[in-house]
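The next block holds one structure in the form of structure tokens; read it before the comments.
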Amino acid sequence: MGRVKTAGGKLIGSNIISMGTVDSTNTVAMGLGEGDAPHGTVVVADRQTQGRGRLGRSWVSPEGNIHMSILLRPPLAPSDVSLLTMTAAVGCARALRKITGLRVEIKWPNDLMLSGRKRGGILTETKSRGKMTLFAVVGIGINLNSGAGDFPSELWATATSLRVETGKEIPKNDLIAGILEEIGLWYGRLTRGEKEIILSEWRHLSSTLGRRVKVTSGTDSLEGVAEALDGAGRLIVRLSSGARKVISAGDVTMVR
Ligand code: BTN
């Protein structure tokens, strides 16, 4: 791939490693985290053979899409790492909106959505010791230029790509640079303790809050109204009985 130009002097993205085919950029970045790679190192790959998604799923990673992982050494307790993923989702959604002009939204927890279909996702993996996060890897996958032929049909039914939605090729490196810049900005807020600003921007970009949803977690599922996001990024769902459930992991679908 060509060179990604990022705004000068920013820590996130000042060291970008571009690769052809890898198993998973998250695996590569986790390996770099074990060594002495600096905070903010980014691994970008054209293709992944074993891309990983949330909840143990695989992530289809054909050429043309964005597959990248950011290595961070954040001053956060492991219990606050979900905020890192929300920060990245805010950065991605804002950059996508800015660069494409499309109304990209976030579906809880961190799916990047366009016209009700998933166009990207984020997987954060960490290494911690006791109450210390040694490092975190924020992996971002965005369906940029892929078409129906690149995906198994059952996945394409709920997925989409920017090219399919806009009819235009989206310049990948501009988008990567824009995403890194936004994430750098919002990560700065996170480390300055401005958590409420991040959560409030997440709420503003959310397609989930206020909607009737079905939440599936393993074999369990429940239906209700997605009422709020709490300070730890958990979803509060009000059931028809009036009871409230606090959801920390699962898949959300809109009921209507
Ligand atoms: C999700 O399931 O929504 C999260 C998908 C995350 C995919 C990205 S692609 C780059 C990075 N490397 C991986 O193996 N996964 C993440």
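For the reader, a short list of remarks on this structure follows.
- Complete set of residues in segment 207-220 that are under 17 Å from the mean Cα position of the chain (by Cα) and open to solvent by less than 10 Å² (accessible area, probe 1.4 Å): T208
- Of the residues S61, S24, the single one that is among the polar types (S, T, N, Q), open to solvent by less than 20 Å² (accessible area, probe 1.4 Å) and either away from the ligand (no atom under 14 Å from the Cβ) or farther than 27 Å from S207 by Cα (or both) is S24.
- Residues located in segment 27-59, provided they are over 21 Å from L134 (Cα atoms) and of a type in the set (D, E): D46
- Hey, S61 without any contact (Cβ under 8 Å) to a residue 60 or more places away in the chain, of a type in the set (G, A, S) and assigned by TED's automatic domain parsing to the domain that holds K131 or not: no
- Pairs, first open to solvent by 60 Å² or more (accessible area, probe 1.4 Å) in segment 190-206, second charged (D, E, K, R), C-beta under 7 Å, six or more apart: I197/R189
- Filtering segment 168-180 to residues that are in contact (Cβ under 8 Å) with a residue 40 or more places away in the chain and surrounded by fewer than 19 Cβ atoms within 10 Å (Cβ to Cβ) leaves N173, D174.
- Comparison of A249, A226, A232 shows that the only residue that is assigned to a strand (DSSP E or B) and surrounded by 12 or more Cβ atoms within 10 Å (Cβ to Cβ) is A226.
- Candidate set: segment 45-56, residues that are at pLDDT below 95 and more than 6 Å from the ligand (Cβ to nearest atom); chosen: the one most open to solvent (accessible area, probe 1.4 Å): L55
- Residue check: K127 meets all listed conditions (1) out of contact with any Leu (no Cβ under 6 Å at 6 or more places or on another chain); (2) more than 15 Å from the ligand (Cβ to nearest atom); (3) not β-branched (V, I, T) but one, namely (1).
- Selection status of R212, over 30 Å from P38 (Cβ atoms), at pLDDT 90 or above and away from the ligand (no atom under 16 Å from the Cβ): yes
- Taking the listed residues T41, T100, the one that is within 16 Å of the ligand (Cβ to nearest atom) and either free of Cβ contacts under 8 Å to residues at least 12 places away in the same chain or of a type in the set (S, T, Y) (or both) is T41, with no other qualifying.
The values are calculated or read from the model by the stated rules, or taken from the named source; none is laboratory data. Predicted, not measured: the structure shown is a model, and the values here were computed from it. Because the Cβ atoms are built from the backbone with ideal geometry, glycine has one as well, and the counts that use them run over all protein chains shown. The accessibility values were calculated without ligands, DNA or RNA, using every heavy atom of the protein model including side chains. Shrake-Rupley method; radii C 1.70, N 1.55, O 1.52, S 1.80 Å.
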